[in-house]
1. DSSP loop trypsin sites (Lys or Arg not before Pro) in region 158-201 with at most 13 other Cβ atoms within 10 Å of their Cβ, which ones?
2. Could you put SER77, SER115 in order, starting from the residue whose Cβ has the fewest other Cβ atoms within 10 Å?
3. Where in region 252-295 are there chymotrypsin sites (Phe, Trp or Tyr not before Pro) that are in a DSSP coil and have at most 11 other Cβ atoms within 10 angstrom of their Cβ?
4. Could you give me the ³J(HN,Hα) list for region 165-171, computed from phi with Karplus coefficients 6.51, -1.76, 1.60 and θ = phi - 60°, whole Hz, x at Gly and Pro?
5. Taking 0.36 nm per intervening residue step and subtracting the Cα-Cα distance, what contour gain separates TYR290 from GLU136 on full extension?
6. If every alpha-carbon in region 2-254 counts as one equal scatterer, what log10 I(q)/I(0) does Debye give at q = 0.14, 0.15, 0.18 1/Å?
7. Of the listed pairs LYS100/LYS196; LYS221/LYS284; LYS221/LYS279; LYS196/LYS279; LYS196/LYS233, which have alpha-carbon separations greater than 20 Å here?
8. Give the order of ASP116, ASP91, ASP23 when sorted by the count of other beta carbons within 10 angstrom, beginning with the fewest.
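Every number here is computed from the coordinates shown, using simple stated rules; none is lab data. Computed from a predicted structure; not experimentally measured. Neighbour counts run over all protein chains shown; Cβ positions are idealised from the backbone, glycine included.
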Amino acid sequence: MSSRIWKGDGDKRPLAVRTLLTDVPLISIVTPSFNQARFIGETLTSVQSQGYRNYEHIIIDGMSADGTIEILHNRSSNNDQTNVFWLSESDSGQSAALNKGFRLAKGEIIGWLNSDDRYQPNCFEHVARVFMDHPEIDILYGDYCLINESGEILKVRREIEFNAFILRYHRVLYIPTAATFFRRRIFDENNWLDEKLHYAMDFEFFIRLSERGYRFMHLSKVLADFRLQPTSKTCTSPDKQRAEHQQIIIMTSPLLYNLPSPHLETIMLSLLRLLAGVKRYFEKLQRGYYWEQLRSSAGAAAIHNVLPERAKPAVNLERKGK
C-alpha cells in the first residue's frame, strides 16, 4: 500500500523547474522521512525559505502514521510550493529511501537533509557559488550547529579540511550529512548508498567515494542544524551505530582487514583512532576553532550573568552561529 503526491509526474515533472532561474544550478534536496511530524515542518520551511528559487525538495516517506502525510499534503498543495515533491510507500529503510530520492533528483547539486534537521539561511546561495567557482570538486561539506529537540543550539561545530586518514579512522564521522552536497555526476556514475547498512551508511559512502578519487572540499560556513532528539538513531541506537561504524572500518581498511587475530585488530584500531584524533585536534587547534568556542562560551556566560533574570534572552537558532 502506498500514498503518492507527485507534482508534474513523468515528462511533466521538470515543468515547474523550467520556469525558474536558469543562471544558477538546480539544487535537489532529498529527505527520507518516517514518523517525524513534530520536526518535518521546520525541515520543509528551512528549504522553502532559502531565497534561492531554483530548487526542488523530494521527500521519500516510509508510510508515516503520525500526521506527517497530512503535513506533506498541505505543503505540496500550496500553489506557492511548486518545488515540493513527495511520495509515501513501504521501503527497507533510510538507505533505500535516500537512493530512491537520489534517482529521482534532477538537480546539478544534490543535498541530503534528514526530516528532523534543517538548513541555515543562505545555505543554498553559498553552496551554489562554491560549486560554480570550483568545477573540479564533487562533494562539498560545511560547518553545522548541534541543536536539541526544541531547536536550541548546543554547540557550533567547525570542521577541518578533508583528510582521508581522519575520515576512515576517527572515532566519529566528522563530515555532517546535513551540511553535505554532492555533484550530480556522483550518482550518474552509479554510486549509491549500501542498503544493507542502517546506521553508518553515510560513513561507508564517503569512504567509498574517497577511494574512487572523488574530490571533497570543506566550506568554512555554518550550513545546517543537526538535531539531537530522543527518537533519532543517534540517540536511540548509539551502540548499533558504533558497531556498524567499526565493522566498516575493519572491512575497508588495508591496515586491518587481514590481521591474524581479533586482539591485534583491536590494538591496531585503537592506535589508528588515537592518531586520527590527535591529527584532527591539532588541525582544529591550529585553525583557532577551540579558542573561538572558548570565547563564545565565555561571552554567552557573561551576558547571562549580567542580565536580570526576566531579561535573559532565549536562544535564537536562526541567528546564532552566523
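1. Details: sites: ARG158, ARG168, ARG171, ARG183, ARG184, ARG185, LYS196; in loops: ARG158, ARG171, ARG184, LYS196.
Qualifying residues, ordered by number: LYS196.
2. Values: SER77 11, SER115 27.
Exposure proxy ranking, most exposed first: SER77, SER115.
3. Values: sites: TYR257, TYR281, PHE282, TYR289, TYR290, TRP291; in loops: TYR257.
Loop-located and lightly packed - TYR257.
4. Each residue's phi maps through the Karplus curve to give 5, 5, 4, 6, 10, 5, 5 Hz.
5. Values: separation 154, 0.36 × 154 = 55.44 nm, distance 3.08 nm.
So the extension gain works out to 52.4 nm.
6. -0.94, -1.10, -1.68
7. Numbers: LYS100/LYS196 15 Å; LYS221/LYS284 15 Å; LYS221/LYS279 22 Å; LYS196/LYS279 31 Å; LYS196/LYS233 16 Å.
As for pairs spanning more than 20 Å Cα to Cα, those are LYS221/LYS279; LYS196/LYS279.
8. Values: ASP116 23, ASP91 20, ASP23 6.
Sorted ascending by nearby Cβ count, the order is ASP23, ASP91, ASP116.
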